[in-house]
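Values in this text are rule-based calculations from the coordinates and carry no lab data. None of the values given here were measured: they were computed from a predicted structure. FYI the Cβ positions are ideal-geometry reconstructions off the backbone, even for glycines, and counts take in every protein chain you see.
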Amino acid sequence: MITLTWVYALAGAVFAAFALLGLRDRTNPKRWGTSLFWGLLALSMWAGDALGDLGNGILVLCLVAIAGTGQLGRGTDGEVDPVVRRERSARFGNGLFLLALVIPMTALIGTFVFKQVPQWVDPKQTTLISLGLGVLLALAAGYVWLRAGAPVPLEQGRRLMDSVGWAAILPQMLASLGAVFALAGVGDVVGSIVQLAIPEGSLFGAVAAYGLGMALFTMVMGNAFAAFPVMTAAIGIPLLIERYDGEPAIVCAIGMLAGFCGTLMTPMAANFNLVPAALLELNDEYGVIRRQIGTALPLLAVNIGLIWWLAF
Amino acid sequence: MWVLIGIVVIVAGFVLRFNPLLVILASALATGIAAGFGPVEIVSAFGKAFNEARYVSVVWLVLPVVGLLEAYGLQERARALIESLHGATVGRLLTGYMLLRQATAAVGLISIAGHAQTVRPLVAPMAEAAGDRQSEGMDEDTREEVKAWAAATDNVGVFFGEDIFLAIGSILLIKGLLEQYGYDIEPFHLSVWAIPTAIAVALIHGFRLFRLDRRLKGPRKATNEA
């Protein structure tokens, strides 16, 4: 059966290729550190389950040591001349869009089809397996149609990966920090503090505290999923649902969305907010967050209003 | 109470702009020590969680495809397409993308688009091309801003579309938590209540994009002053 392990093997191979190709890039003054970084990630993808908890922890320490001491860099090798790109763009035309749609279309079809064959494909992991398959199909089509040289995709992929740099593992690191927070009981402490901050006897005050608490704690944790159980156990259930008799489905569904407003405003949600800034090579790493605040704040107010209006 | 020290470390570290990976590790150590764990225990717990969260980093698999397409002129093609469409503006383009992203996410198709898959190779260059035409060549700051709008719009669309889908993680999390407290609620009853917010965000973000168009279309000195 095709499982997530297959996808990790593929991802490990891609990171290993980035590491090896990076060693040849003499225009990158920090190619050894950069290469070691992607090499360790390849090791994690391939052998993470065999390393043991402490082994994985030491691997993380090494990754952080490389990035934290500034040993990651990027070169100029492999950049394609804009004139060549324009010439190719004119030659291959709008078919390039079709090739770009191979991964989304595979995700679309895979989501439906793979669920029908649970004996072949792990039904819980269809999204990531579709992604891996989509990448392979797109590369195959690219080789046949564009007649690209064998190393071109990996060489170009490496160039993009180096421009993202250590931000690539930020989301994974933050998810791990969340696990340590959970182990230490951070959520319970935050919940008990929030309970103290609610004005006594005011329904609107309690609704606002729930919505704001969801957004703020989401900003701290970078993830509404981590904030939701804490805030709902501290305010949502005892106050809004039990004391004021609010409709549980509405309180919780819109409360979660209040948390999503927080996700738009925090660097802790790195995969949504910092990674795209790196991918688009923005000078301002908080540029994406800045554009989102103007939507998130009014929407948070709307969500609080909606709970107050609809749930009671 | 002391376990909150980790949050202080995170906030201070981000504000002082230390390397975020260092800040995260320092926060984990501080939190763990405050909770009475030993250093080896903390590193092990972090390593275990890191290994279990590997799926988060699998998305980088798409980079070789994106790199190949860019080397063969996809971004140039995306620009040419927008230049050939007469009514295309940054605001209209991104509003359309937001609605498409909301609609597809609402039927569970979260990963058919994203920052690596669609924003960098397609949406951002299209938005840039539209912006270039609207204000006859943008200055560097405005170009940055338009690219950031493209990424922001992807987030806004997917965040407030996905909860309309029944089987998304957050809906299942809500159902699970409510069950623990003795409330048995069908996912459908949760997901319909995501619709009012989805409409509200389309109006709010759409209005902001409309204003962005007004600003881009205005006389060039206006954008320079802004």
Gap separating the Cα centres of the range B:73-121 and the range A:117-196, nearest whole Å: 21 Å
Net charge of neighbours whose Cβ lies under 9 Å from the Cβ of residue A:85, counting Lys and Arg as +1 and Asp and Glu as -1: -2
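Please give the length that would be gained between residue A:79 and residue A:150 if that part of the chain were fully extended, namely 0.36 nm times their separation in residues minus their C-alpha to C-alpha distance (nm, one decimal).
Residue separation times 0.36 nm, minus the Cα-Cα distance, leaves 23.9 nm.
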Sequence-separation-based contact order of the range A:16-71, relative, with Cα cut under 8 Å and 6+ spacing, percent: 35 percent
Residue-count net charge about residue A:182 - beta-carbon cut-off 13 Å; Lys, Arg +1, Asp, Glu -1: -1
Dipole axis of the protein assembly as shown (+1 Lys, Arg; -1 Asp, Glu on Cβ), positive-most option in B:115, A:310, A:197: B:115
Label-point separation, residue B:107 to residue B:139 (7 Å along Cα→Cβ), nm: 4.5 nm
Amide H partners (placed H, <5 Å) of residue A:121, local residues excluded: A:2
Percentage relative contact order, the range A:185-310, counting C-alpha pairs under 8 Å, at least six apart: 27 percent
Simple label model, 7 Å out from Cα along Cβ direction - residue A:310 to residue A:23, nm: 5.7 nm
Segment residue A:69-residue A:87, extension gain: residue separation times 0.36 nm, minus the distance between their alpha carbons: 2.3 nm
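Note down the magnitude of the dipole of the range B:60-225 about its Cα centre, charges +1 on Lys and Arg C-beta and -1 on Asp and Glu C-beta and zero elsewhere, to the nearest 20 debye. Each step should come with its number before you reach the end.
On the way: 16 positive and 19 negative charges, 100 e Å.
Its charge dipole is roughly 480 debye.
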Phi to ³J(HN,Hα) by Karplus 6.51 cos²θ - 1.76 cosθ + 1.60 over the range B:42-50, Hz, x for Gly, Pro: 5, 4, 5, 4, 5, x, 4, 5, 4
Centroid-to-centroid separation of the range B:175-189 and the range A:1-65 [C-alpha atoms, Å]: 40 Å
Rel. contact order, % - alpha carbon contacts under 8 angstrom, at least six apart, chain A: 15 percent
Between helix B:195-217 and chain B: long-axis angle, C-alpha atoms, 0 to 90°, nearest 10: 40 degrees
